[in-house]
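Only one structure is covered here, and it is reproduced in the block below.
The values are calculated or read from the model by the stated rules, or taken from the named source; none is laboratory data. Given the structure is predicted, the values throughout are model-derived calculations rather than measurements. A quick note on method: Cβ atoms are made from the backbone with ideal geometry, for glycine too, and the neighbour counts reach across all protein chains shown.
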Amino acid sequence: MCAMRPEPGHESSVPSAPGAASAPRAPDPGQAAGGGWKAVLTPEEIRRALSRIAHEILERTHGGEGVVLLGIPTRGVYLARRLAARIGEFEGTPAPYGSLDVTMHRDDLRLRPARALRRTEVPPEGVDGKTVVLVDDVLFSGRTVRAALDALNDLGRPRAVQLAVLVDRGHRELPIRADYVGKNLPTAHREVVRVHLTEIDGEDSVLLGERDQ
Amino acid sequence: MNRHLISAADLSRDDAILILDTAAELASVAGRPIRKLPTLRGLTVVNCFYEDSTRTRTSFEAAAKRLSADVINFSAKGSSVAKGESLKDTALTLEAMGTDAVIIRHSASGAAHTLARWVTGSVVNAGDGTHEHPTQALLDAFTMRQRLVGDGERGRGMGLDGLRVTIVGDVLHSRVARSNVLLLTVLGAEVTLVAPPTLMPYAVETWPCKVSYDLDAELRKADVVMMLRVQQERMSAAYFPSIREYRRRYGLDAGRMALLPEHAIVMHPGPMNRGVEIAAEVADSPRSTIVAQVSNGVIVRMAVLYLLLGGAGEGAAA
């Protein structure tokens, strides 16, 4: 699944940092459009992508039985909540959702000063025997997902684990792939993908830009 | 954050809140089937205890082990210290074995500060003489925030602004009181010290807190009352006429507890002298957070170890 090898010596430092793609606050949207940021997904496209993913989850899991959605903070949690609500609209019963902090399981902890932890909240029914769908905004190196798999391992033993992402931007560094993808976005390594969600950024959009040099 | 945790004064308000928030997240780990995180795998933490201790040493040990660090326990009794080895030589020995953090308790004030000059790893002060015990202050602040600040969110991201804390007893010999005054003040609490005049430290008026000699008056307006242990092992002179008189004026019994506002909590850093500074019925009452303080101690120390050791050191490559 490795479409493109990252340049040697450039592997883990920046690209696999936790929200390299999403955490830094983008300049305000108006400025973003003019500052070299290109919108690659509009609010409608994000809405449709999430609806499609919700349908696909229902299809693959035979009506969403035993599904637990776990979002990876920050934006994965909001996406998980939206998917859970969507599943509720389509099937009548919303899927349980929660959040899974992966900080303590990251492989790049020693590369940066210690980070603040985020919330881990597992729905009361737990994860044992469930089909856990991990939800994140951007799939990049795959290292965050690896950390999430480890973190999940300490919480229990799911029957199966699947992965849903809003954007797959390629450049995997680990043998990991997503089961549900909102949009496949071919990117160059130096580019940055930013996901904005209404819940914390005031608007829905996915922006593509160049890393500030 | 600094590389070491020697004094509560090393912590800014933001540092302190970061530690408390990290601890709040780590609290959920204690309720899981697997109470262990891989974060400090491969790191070595040495517990270096020159003074007797049960809860602090085991608390640090549990905290380090839950983060997967390797723990070496070293106590002065039955070690080369008994043969006359100096602190510096012990430090160099530990250093040569490759340790990433040293947790030190020592009867001399300033021991942790001195040790930090000799070792490359992090130093965490687990009590130095009558000087400081910063992790105790952090776990006390965490317990207060958990019980009294915010609802639902348990005060995440918040300080202890406006909380009235009364610390009662042997302030003179108490490193817990000193660290608490510094930390709680930074977090916005109003601290009042109550003690017999003989057990008030010299120059206490320069501390950022109020001083009173009338326990009953202070109890009526306290949100938190923290009883300190009468440290007879450090007392070389008669600081008060008799235990009975101390108990009557500065001990917390059920009658005095009734003066506290409805929501107020009773804390004690342990070990307690039941029947001296605190009556058994008070220690065992639902208002007492003494047991919660012990379990909070482990998660707060996990948070401290994670924040000191979990990332790359500032500037220096880890």
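Report yes if some residue within the range B:4-13 is at the interface with another protein chain (Cβ under 10 Å from one of its Cβ atoms), among the hydrophobic types (A, V, I, L, M, F, W, C) and part of a loop (DSSP other than H, G, I, E, B); otherwise report no.
No, there is no match, as no residue in the range B:4-13 is at the interface with another protein chain (Cβ under 10 Å from one of its Cβ atoms), among the hydrophobic types (A, V, I, L, M, F, W, C) and part of a loop (DSSP other than H, G, I, E, B).
Which ones in the range B:28-57 are of a type in the set (Gly, Ala, Ser) and either farther than 30 Å from A:Leu100 by Cβ or in contact with a Ser or Thr (Cβ under 9 Å, 6 or more places away or on another chain) (or both)?
B:Ser28, B:Ala30, B:Gly42, B:Ser53
Of all residues in the range A:163-175 being touching a residue at least 40 places away in the same chain (Cβ under 8 Å) and more than 12 Å from the chain's Cα centre (by Cα), which is farthest from A:Ser141 (Cα to Cα)?
Ranking the candidates gives A:Pro175 first.
With respect to B:Thr39, is the statement that it is among the hydroxyl-bearing types (Ser, Thr, Tyr) and either modelled with pLDDT of 95 or more or buried (at least 20 other Cβ atoms within 10 Å of the Cβ) (or both) true?
When the stated conditions are applied, B:Thr39 passes them.
Only one of these conditions is not met by A:Trp37: (1) under 15 Å from A:Val165 (Cα atoms); (2) surrounded by fewer than 21 Cβ atoms within 10 Å (Cβ to Cβ); (3) among the hydrophobic types (A, V, I, L, M, F, W, C). Which number is it?
Status for A:Trp37: all satisfied but (1).
Cβ-Cβ under 8 Å, sequence separation 6+ or interchain: first residue in the range B:37-64 and within 12 Å of B:Gly127 (Cβ to Cβ) and in the same structural domain as B:Ala96 (by TED's automatic domain parsing), partner modelled with pLDDT under 95 and assigned to a loop (DSSP other than H, G, I, E, B). Which pairs?
B:Phe49/B:Ala76; B:Tyr50/B:Ala76; B:Tyr50/B:Ser107; B:Glu51/B:Ala76; B:Glu51/B:Ser107; B:Arg55/B:Gly270; B:Arg55/B:Pro271
Considering the range B:160-214 alone, what residues qualify as being in a helix (DSSP H, G or I) and of a type in the set (Lys, Arg)?
If the condition is that a residue be in a helix (DSSP H, G or I) and of a type in the set (Lys, Arg), then B:Arg175, B:Arg178 are the ones that fit.
Of the numbered conditions (1) outside any helix (DSSP H, G or I); (2) away from chain A (no Cβ under 13 Å); (3) crowded, with 22+ Cβ neighbours inside 10 Å, B:Thr56 fails exactly one; give the number of that condition.
Unmet for B:Thr56, out of (1) outside any helix (DSSP H, G or I); (2) away from chain A (no Cβ under 13 Å); (3) crowded, with 22+ Cβ neighbours inside 10 Å: (1).
So B:Lys65 ticks every box in (1) more than 26 Å from B:His113 (Cβ to Cβ); (2) within 12 Å of chain A (Cβ to nearest Cβ); (3) of a type in the set (Lys, Arg) but one. Which box is left unticked?
(2)
Would it be correct to say that A:Val122 is touching a helix residue (DSSP H, G or I) at 6+ places or on another chain (Cβ under 7 Å) and β-branched (Val, Ile, Thr)?
Taking the combined requirement at face value, the residue satisfies it.
Pick out the one residue from A:Arg143, A:Arg119, A:Arg115, A:Arg106 that is basic (Lys, Arg) and either more than 14 Å from chain B (Cβ to nearest Cβ) or within 14 Å of the chain's Cα centre (by Cα) (or both).
A:Arg143
Among the numbered criteria (1) assigned to a loop (DSSP other than H, G, I, E, B); (2) more than 14 Å from every other protein chain (Cβ to nearest Cβ); (3) of a type in the set (Gly, Ala, Ser), which single criterion is violated by A:Gly76?
Tallying (1) assigned to a loop (DSSP other than H, G, I, E, B); (2) more than 14 Å from every other protein chain (Cβ to nearest Cβ); (3) of a type in the set (Gly, Ala, Ser), A:Gly76 fails exactly one: (1).
Return the only residue of B:Val300, B:Val266 being within 14 Å of chain A (Cβ to nearest Cβ), under 18 Å from the mean Cα position of the chain (by Cα) and within 25 Å of B:Gly162 (Cα to Cα).
After ruling out the rest, the residue left standing is B:Val300.
Filter the range B:15-45 for residues that are closer than 25 Å to B:Gly110 by Cα and of a type outside the set (A, V, I, L, M); which is farthest from the other protein chains (Cβ to nearest Cβ)?
Restricting to residues being closer than 25 Å to B:Gly110 by Cα and of a type outside the set (A, V, I, L, M), the top hit is B:Thr44.
Can you pull out the residues in the range A:92-103 that are more than 10 Å from chain B (Cβ to nearest Cβ) and touching a Ser or Thr at 6+ places or on another chain (Cβ under 7 Å)?
Those that are more than 10 Å from chain B (Cβ to nearest Cβ) and touching a Ser or Thr at 6+ places or on another chain (Cβ under 7 Å): A:Ser99, A:Leu100, A:Val102.
The rows are residues; the columns are (1) surrounded by 14 or more Cβ atoms within 10 Å (Cβ to Cβ); (2) of a type in the set (D, E, K, R).
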| position | (1), (2) |
| --- | --- |
| B:Ala203 | no, no |
| B:Cys209 | yes, no |
| B:Leu215 | yes, no |
| B:Glu218 | yes, yes |
| B:Ala222 | yes, no |
| B:Met227 | yes, no |
| B:Glu233 | no, yes |
| B:Ala237 | no, no |
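Scan the range B:228-240 and give yes if some residue there is at pLDDT 95 or above and either in a loop (DSSP other than H, G, I, E, B) or assigned by TED's automatic domain parsing to the domain that holds B:Pro201 (or both), otherwise no.
yes
Looking only at the range B:100-117, count how many residues are among the hydrophobic types (A, V, I, L, M, F, W, C) and either in contact with a Ser or Thr (Cβ under 6 Å, 6 or more places away or on another chain) or under 15 Å from B:Arg234 (Cα atoms) (or both).
2
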